[in-house]
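One structure is given here, and the rest of the page talks about it.
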Amino acid sequence: MNQLTYQLNNGNHIPRLGFGTWESLEEEGYNAVSTALETGYRHIDTAAAYKNEIVVGRAIKDSGVPREEIFLTTKLWNSERGYDKTLAAFQNALVNLGTDYLDLYLIHWPANKKQYDNWKEINADTWRAFEKLFQEGKIKNIGVSNFLPHHLEALMETAKILPCINQIEHHPGYMQQKTVDFCKNHDILVEAWSPLGRGNVLKNETITGIAEKYGKTPAQICIRWNLQLDLLPLPKSVTPERIKSNFEVFDFEISEADMERISSLPEIGFTGLNPDEVDF
Ligand code: A2P
């Protein structure tokens, strides 16, 4: 396996490994994205909620890497759901990022039934705006994040275009197997946010033992494990050596037995963010 791409259900391609930017703010965020692009990452993941779209856009511009060589994702925040508000939020994202198109726009979290009786309608209205922007060519790919199977099923009742991606929390010790299986059955690529469990998985003895065996870091094992499951990991770091080493995951293979050992770990590192329960 090398740093190639996955093909999405709309025929487009996406680099297999992305760079996460949650909590990477201001100068630190700028430097992290700059280092990632120097290292060779060509897929950058941000969100309106991360409050770093401006520095991410600036780092991309200053990198000298042509815009069309970079796959850029951002996400619609929860306060901007609905048809008209989504269209306005999208324009704002373009201005912040200093670009005239997005490679991928995601609904960051589904409206859920804990907060809204009409959650289905809210998600459907938001999605209609996504479809319009996709049809106009302003967003190359449209998807969702943190959608559980019942959120996807509801969306599919009215969607004209199927989401091509669902970005969910996924790392050793938190696999969300039902959601992953649902997405695979519908040809929706799963992206893994916090593939390192926000760093909390890296001290697990099974992970450190396997890392030692392969002469790799625990983070490289978590990233590679996601790739071998045909998922798309988005590791986040602001530390130059980690940004670089997290990218060196295409020169080794985890055996089937070790994949199984990692997949069998009990729950570790779950953030506690259940899309049906969150109240933001
Ligand atoms: P930092 O940004 O200070 O380098 P996740 O991507 O699962 O959300 O994990 C991100 C967390 O893991 C951050 O705290 C990040 O720290 C840390 N991290 C990222 N890469 C590594 C690595 N190779 N080794 C140890 N910790 C890492």
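Quick notes on this structure:
- Cβ-placed point charges (K, R +1; D, E -1), dipole of the chain about Cα centre in debye, nearest 20: 200
- All C-alpha pair distances within the chain, sorted into 5 Å bins from zero, spread as 1, 6, 13, 17, 19, 18, 13, 8, 4, 1, 0 percent across the bins.
- In the chain, Cα pairs under 8 Å separated by at least six residues give a relative contact order of 19 percent.
- Accessible carbon and sulfur surface of the chain relative to its total accessible area, %, 1.4 Å: 48
- Where GluC sites (Glu not before Pro) fall in DSSP loop in the range 1-109, at most 14 other Cβ within 10 Å: E23
- Dipole orientation for the chain: of the candidates G173, G209, I107, I107 has the Cα lying most toward the positive pole (charges on Cβ; Lys, Arg +1; Asp, Glu -1).
- With the convex hull of its Cα atoms as the shape, the range 180-221 has an orientation-averaged projected area of 3.7 nm².
- The range 149-280: equivalent-ellipsoid semi-axes (sqrt of 5 x gyration tensor eigenvalues, Cα, Å): 28, 15, 15
- The angle between the Cα long axis of helix 218-228 and the longest principal axis of the Cα atoms of the chain comes to about 60 degrees, rounded to the nearest 10.
- The charge dipole of the range 177-280, taken about the Cα centre with unit charges on the Cβ atoms of Lys, Arg (+1) and Asp, Glu (-1), comes to about 380 debye, rounded to the nearest 20.
- The ellipsoid equivalent to the alpha-carbon distribution of the range 1-148 has semi-axes of 26, 17, 14 angstrom, derived from the gyration tensor eigenvalues as √(5λ) and listed largest first.
- Dipole of the range 1-65 [Lys/Arg +1, Asp/Glu -1 at C-beta], most positive-end residue of L8, I44, A32: L8
- For the range 148-280, the solvent-accessible area works out to 45 Å² per residue, with a probe of 1.4 Å and every protein chain left in place.
- Charging the Cβ of each Asp and Glu at -1 and of each Lys and Arg at +1, and nothing else, the dipole of the range 86-129 about its Cα centre rounds to 220 debye.
- Its residues counted as N, the range 129-168 yields a C-alpha radius of gyration over 2.2 N^0.38 Å of 1.15.
- Each stretch of four or more DSSP H residues adds -39500 (n - 2.57); spread over every residue of the chain, this sum gives -12000 deg cm²/dmol at 222 nm.
- Using a cut-off of 27 Å between Cα atoms, the listed pairs K132/K184; K140/K203; K75/K114; K61/K138; K120/K160 include K140/K203 as exceeding that distance.
- Each Cα pair under 8 Å and six or more residues apart adds its sequence gap; the mean of these over the residue count of the range 116-267 is a relative contact order of 19 percent.
The values are calculated or read from the model by the stated rules, or taken from the named source; none is laboratory data. Quick caveat: nothing in here was measured; it's all calculated off a predicted structure. In this analysis, Cβ positions are derived from the backbone assuming ideal geometry, glycine residues included, and neighbour counts consider all displayed protein chains. With ligands, DNA and RNA removed, areas are computed over all heavy atoms of the protein, side chains included. Shrake-Rupley method; radii C 1.70, N 1.55, O 1.52, S 1.80 Å.
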